[in-house]
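> Have a look at this one before I ask anything.
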Amino acid sequence: MQLSSDSFYQAVQYLEDHPESIRVKKLIFCICQKSWENALNILNSFSMESLVKDLITEQENLELLTLSLYKLVKTLNRPKVYAGVAKAIVEQLGPIYRELEQDTEVVEVSADPQETNVSDEKILLEQAVSNLTNHPETARIHKLVYAISKNSWENDLDRIQHYGLKNLITEMLEVYPDYTVLKQAFVRLVNNINKKNLYIAISKVILNQIYGLYDILKQEKVLPQANSNNYSTQIIAINNSDNYQSMEPSSRGAFETSVIDVASEQMITELQQVQPPPPPSPPKPTYDIFEIRMEIMQYTNPLRAKILLFSLLFHPWDRSGQDWSTLRSYTLDDLLEQILQSGRSISEIEGKLYNMARALHDPDSHLQTASTVVESVKPFL
């Protein structure tokens, strides 16, 4: 396990400089050493770097780390204070775990000795293309990548595939050299698509696959950063023909809005015409996805929660190998976020979750999980 990335050292520095750095050390020390330590001379004999390395070695993935921290925090005298400290640890180590997962995938791809001299960028790109091509929603993945890179929507899959997914991703990296700006472009595009929840999930799959490429591009300065501000917004236009055409940037060098105007009957299944914005509704209570996840993990099995949320967002769970593969591509946070942003009423969510729970093996356990999920998200819907 190599922990030499910028993400690792940035996380260590952040935790070292954190106002609660002593409590950070106490939590990490306890998980790694299986004992609580209050003596500062002992805690300070360990560097933050060595403690974080031991923690990542001890906890195999981010979900396991989160659960371990939460269980520990619940046993302490000041759980609310330490919950904030635990959250900071999870947030800082999340990118490191994602990089480690990508490194594992890269090792599998580079089995041929002749591939050992291939650059990290090329390996990650090939792996991303392979994963996205083999994804069950590869057709919609192609459409989203094409729309982002070409500034136009295209339904003719043969035409999209003519370009090649690898070329489209490469072009997307050139158009959006900044990862945050790319995420914003996906959000604007997906907000105008009829099957919004599905496309939100698909856009996250794409972003997760290319995340490592942006780290490499940032380190090697392969792409110029000066262009990143030129794409602060994006417009996808549809004229009166069956094909979508690109809109040119405005005179200010950026796209004005993100509007899809449906004039083609062919697109009705994918897109909806954007109506004038409704009067503003009362703001919903703000939520902390970390706290919601922790509440669910405290009272029920997180895997059962993921299966139920997956069934609600996509299709009823059938225990097939493909379902398991797709489920692994989402975190519990991803699925919760989609439910909270879906616009569904709590009564609809509750009814469907209970119906799906009854149809699964061991319905009593799944009904208990459904109840926990409903109670956790209810205040924010």
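> Restricting attention to the stretch 320-333, which residues are part of a helix (DSSP H, G or I), open to solvent by less than 30 Å² (accessible area, probe 1.4 Å) and closer than 18 Å to Glu101 by Cβ?
Of everything in the stretch 320-333, those that are part of a helix (DSSP H, G or I), open to solvent by less than 30 Å² (accessible area, probe 1.4 Å) and closer than 18 Å to Glu101 by Cβ turn out to be Thr326, Leu327, Leu332.
> Filter the stretch 148-176 down to residues that are assigned to a helix (DSSP H, G or I) and open to solvent by 30 Å² or more (accessible area, probe 1.4 Å), then give me how many there are. Talk me through it step by step, then tell me what you get.
To start, the set of residues in the stretch 148-176 that are assigned to a helix (DSSP H, G or I) comprises 148-150, 157-163, 165-175.
Among the residues that remain, those that are also open to solvent by 30 Å² or more (accessible area, probe 1.4 Å) are: 150, 157-159, 161-163, 166-167, 170-171, 174.
Of the residues in the stretch 148-176, 12 are assigned to a helix (DSSP H, G or I) and open to solvent by 30 Å² or more (accessible area, probe 1.4 Å).
> Only one of (1) among the aromatic types (Phe, Trp, Tyr); (2) open to solvent by 40 Å² or more (accessible area, probe 1.4 Å); (3) not in a helix (DSSP H, G or I) is not met by Trp317, so which one is it?
(2)
This table checks each residue for (1) farther than 13 Å from Tyr214 by Cα; (2) under 20 Å from the mean Cα position of the chain (by Cα); (3) among the small types (Gly, Ala, Ser).
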site: His142; (1), (2), (3): yes, yes, no
site: Ile148; (1), (2), (3): yes, yes, no
site: Asp158; (1), (2), (3): yes, no, no
site: Val175; (1), (2), (3): no, no, no
site: Tyr179; (1), (2), (3): no, yes, no
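> Residues that are open to solvent by less than 50 Å² (accessible area, probe 1.4 Å), at pLDDT 80 or above and not polar (S, T, N, Q): does the stretch 105-115 have at least one? Break it down stepwise before answering.
Step one: of the stretch 105-115, the residues open to solvent by less than 50 Å² (accessible area, probe 1.4 Å) are 106, 110.
Okay, now just the ones that are also at pLDDT 80 or above, so none.
Within the stretch 105-115, none of the residues are open to solvent by less than 50 Å² (accessible area, probe 1.4 Å), at pLDDT 80 or above and not polar (S, T, N, Q).
> Okay, moving on. Select from the stretch 334-374 the residues that are in contact (Cβ under 8 Å) with a residue 60 or more places away in the chain and open to solvent by 50 Å² or more (accessible area, probe 1.4 Å) and write down the one among them that is farthest from Ile292 (Cα to Cα).
Of everything passing the filter in the stretch 334-374, Gln368 is farthest from Ile292 (Cα to Cα).
> If you check Ile349 against the conditions, is it modelled with pLDDT of 90 or more, out of contact with any strand residue (DSSP E or B) (no Cβ under 8 Å at 6 or more places or on another chain), hydrophobic (A, V, I, L, M, F, W, C) and farther than 30 Å from Thr133 by Cβ?
Taking the combined requirement at face value, the residue satisfies it.
> So, of the residues in the stretch 118-129 that are in a helix (DSSP H, G or I) and open to solvent by less than 50 Å² (accessible area, probe 1.4 Å), which turns out to be farthest from Ile210 (Cα to Cα)?
Across the stretch 118-129, the extreme among qualifying residues is Ile123.
> A further question on this structure: State which residue pairs qualify: first residue touching a residue at least 24 places away in the same chain (Cβ under 8 Å) and inside the stretch 125-136, second residue assigned to a helix (DSSP H, G or I) and of a type in the set (Lys, Arg) in any location, beta carbons under 7 Å apart, and separation of 6 or more residues or different chains.
Correct list of pairs: Leu125/Lys166; Val129/Lys166.
> Take the residues of the stretch 339-381 that are in a loop (DSSP other than H, G, I, E, B) and charged (D, E, K, R): which is farthest from Tyr287 (Cα to Cα)?
Asp362
> Oh, and also: Residues being of a type in the set (Lys, Arg) and farther than 25 Å from Thr133 by Cβ: count how many of those fall in the stretch 313-346.
Total meeting the criteria: 1.
Residue-by-condition table, conditions (1) in contact (Cβ under 8 Å) with a residue 12 or more places away in the chain; (2) surrounded by 13 or more Cβ atoms within 10 Å (Cβ to Cβ):
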| position | (1), (2) |
| --- | --- |
| Cys30 | yes, yes |
| Glu37 | no, yes |
| Leu40 | yes, no |
| Ser45 | no, no |
| Lys53 | yes, yes |
| Thr57 | yes, no |
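The values are calculated or read from the model by the stated rules, or taken from the named source; none is laboratory data. This structure is a prediction, so every number in the text was calculated from the model and none was measured. Quick reminder, even Gly has a Cβ in these numbers, built from the backbone with ideal geometry, and neighbours come from all protein chains shown. Surface areas here come from the heavy atoms of the whole protein model, side chains and all, with no ligands, DNA or RNA. Shrake-Rupley method; radii C 1.70, N 1.55, O 1.52, S 1.80 Å.
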